[in-house]
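Asker: Please read through the structure below; I'll follow up with questions.
The values are calculated or read from the model by the stated rules, or taken from the named source; none is laboratory data. A quick note: this is a predicted structure, and the numbers were derived from the prediction, not measured. Heads up, the Cβs are rebuilt from the backbone with ideal geometry, glycines too, and the neighbour counts pull from every protein chain shown.
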Amino acid sequence: MSLRHYIFLKDVLLLALTAFGGPQAHIAMMLKLLVDKRRYITEQELIELNALCQILPGPTSTQTITAIGYKIGGPNLAYLALLIWVLPAATFMAIAGLGISYLEENNISLQFLRYIQPMAVGFVAYAAYMISAKVVHTKTAVTLLVISAILAYFFHSPWVFPALLIAGGAVTALRFRQHPEEKDKKLNVQWANFILYVAVFVGAAVIGGFTSSLPVRLFENFYRNGSLVFGGGQVLIPLMYTEFVDFKNYLTGEEFLSGYALVQALPGPTFSFCTFIGNLAMRRFGIPGQLLGSFVATVGIFLPGTFLIFFVIRFWDELKKYRVVRASLEGISAVSSGMVTAAAIQLYHPIENTPLNFGIVVATFCLLMFTKVPAPLLILTGLLLGFVL
């Protein structure tokens, strides 16, 4: 590897340890570090890659980091970037699962987390503003943003997200003649990763259906969810609650919300919340069982998105040469902005609507907007206030 590759991996580790606020906030931080400061890729390339990852099922920011690594240094750098990005958050959430189990066994209150959720909403609101300012420049884009925000807010089915993205892309694709035509279009699709993705999906479903092994069934559960979740972590949360709390009773609602508050307080991918769920689902097997549960849940939730991004990224640059594809990216980016805006509002609903909580949301947004206070310092302050007050 070259020196540039090592610096990139160091930057990925820095993001993994400091990127708070979910996939929308992650993109804003990637713009600052990977585009503005390091210039690994252009701003337009990052926006297009993020739009691509929004279309694919799986963890958006994780796929975006992986795709950037691929563009800079090929598959090997992409794999290393993926591991470095996921490992800190997954480790934190595995420890959190063990910690929650310990606190509950000793009847210790979890109220110290109460200021973190409204702060997370402030982070997402700031990300919605930043991304919208970058990608929304026409009346059509503004219209798509507003319509997608309204529909994403009122309709929570996971299939609404890909439908909105496809519809938004189709609207602006109609104006493809405004884009210059490129020659030498040679689309060479390599199917290996897609075949592997389908094979694991089918194999996990068959083995999970016939086995009584809880780790195997957990892997199947998370792989299936990772294959069907569009729109990032905010879509994952209600699906996880329905399956693992309401239906399977692997953990209580209080435990689930505590883990959700923790993942908002931690840096890295929101999908690492599944590490926590897998951990508590296996707690009757003791600490080794909980660690195994964290491992199979983490692999299961991140693997499908990894297969898919490695499949698509290999022909993405060639695919963009088609005018229809380039034109569609404007609509996809505008719809993505609308979905982020809806997510900021939706994430506020589980929080008690008090003047204090609303004020924390506004204060967090303003601090991010008008000051250079680092995100980790804001989160640490929220945790300290929770402990003290």
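Asker: Could you list, ordered by first residue, the pairs with Cβ atoms under 7 Å in which the first is in the stretch 141-156 and touching a residue at least 40 places away in the same chain (Cβ under 8 Å) and closer than 24 Å to Thr242 by Cβ and the second is among the polar types (S, T, N, Q) and surrounded by fewer than 23 Cβ atoms within 10 Å (Cβ to Cβ), at least 6 apart or interchain?
Answerer: From residues that are touching a residue at least 40 places away in the same chain (Cβ under 8 Å) and closer than 24 Å to Thr242 by Cβ, the pairs are Tyr153/Gln346.
Asker: I'm told Met119 meets every condition in (1) at pLDDT below 80; (2) buried (at least 24 other Cβ atoms within 10 Å of the Cβ) except one. Can you identify the failing condition by its number?
Answerer: (1)
Asker: Would you pick out the residues in the stretch 325-339 that are in contact with a Leu (Cβ under 9 Å, 6 or more places away or on another chain) and of a type outside the set (Gly, Ala, Ser)?
Answerer: Correct list: Val325, Leu329, Glu330, Ile332, Val335, Met339.
Asker: Follow-up question, since we're still on this one. I'm told Arg39 meets every condition in (1) in a helix (DSSP H, G or I); (2) surrounded by fewer than 20 Cβ atoms within 10 Å (Cβ to Cβ); (3) at pLDDT 85 or above; (4) over 18 Å from the mean Cα position of the chain (by Cα) except one. Can you identify the failing condition by its number?
Answerer: Of everything listed in (1) in a helix (DSSP H, G or I); (2) surrounded by fewer than 20 Cβ atoms within 10 Å (Cβ to Cβ); (3) at pLDDT 85 or above; (4) over 18 Å from the mean Cα position of the chain (by Cα), Arg39 misses just condition (1).
Asker: Let me ask another. Scan the stretch 367-389 residue by residue and report those that are more than 23 Å from the chain's Cα centre (by Cα) and either surrounded by fewer than 13 Cβ atoms within 10 Å (Cβ to Cβ) or charged (D, E, K, R) (or both).
Answerer: Phe370, Thr371, Lys372, Val373, Leu384, Phe387, Val388, Leu389
Asker: In the stretch 311-353, what residues are among the β-branched types (Val, Ile, Thr) and surrounded by fewer than 17 Cβ atoms within 10 Å (Cβ to Cβ)?
Answerer: As a first pass, look at the stretch 311-353 and keep what is among the β-branched types (Val, Ile, Thr): 312-313, 324-325, 332, 335, 340-341, 345, 351.
Scanning the stretch 311-353 gives Val324, Ile345.
Asker: Still on this structure: Determine if the stretch 281-288 includes at least one residue that is buried (at least 21 other Cβ atoms within 10 Å of the Cβ) and over 22 Å from Ile27 (Cβ atoms).
Answerer: Residues of the stretch 281-288 buried (at least 21 other Cβ atoms within 10 Å of the Cβ): 281-282.
The next check asks that each one be over 22 Å from Ile27 (Cβ atoms); those that pass are 281-282.
The answer is yes, given that some residue of the stretch 281-288 is buried (at least 21 other Cβ atoms within 10 Å of the Cβ) and over 22 Å from Ile27 (Cβ atoms).
Asker: Still on this model: Answer with yes or no whether Pro350 is more than 24 Å from Arg175 (Cβ to Cβ) and assigned to a loop (DSSP other than H, G, I, E, B).
Answerer: Values: more than 24 Å from Arg175 (Cβ to Cβ): yes; assigned to a loop (DSSP other than H, G, I, E, B): yes.
Yes.
Asker: A follow-up question, please. Among Gly268, Gly293, which is the only one that is of a type in the set (Gly, Ala, Ser), buried (at least 19 other Cβ atoms within 10 Å of the Cβ) and outside any helix (DSSP H, G or I)? Please lay out each step first, then the result.
Answerer: Values: Gly293 fails: outside any helix (DSSP H, G or I).
Criteria check complete, one pass: Gly268.
Asker: Quick one: how many residues across the stretch 74-126 are on the phi > 0 side of the Ramachandran plot and not in a loop (DSSP other than H, G, I, E, B)?
Answerer: We begin by selecting, within the stretch 74-126, every residue on the phi > 0 side of the Ramachandran plot; these are 74, 107.
From the residues that got through so far, the ones that are not in a loop (DSSP other than H, G, I, E, B) too are 74.
Selection size over the stretch 74-126: 1.
Asker: Among the listed residues Val202, Val206, Val142, Val198, which satisfies the condition of being outside any loop (DSSP other than H, G, I, E, B), farther than 30 Å from Gly300 by Cα and either of a type in the set (Gly, Ala, Ser) or at pLDDT 85 or above (or both)?
Answerer: Details: Val202 fails: farther than 30 Å from Gly300 by Cα; Val206 fails: farther than 30 Å from Gly300 by Cα; Val198 fails: farther than 30 Å from Gly300 by Cα.
On inspection, the qualifying residue turns out to be Val142.
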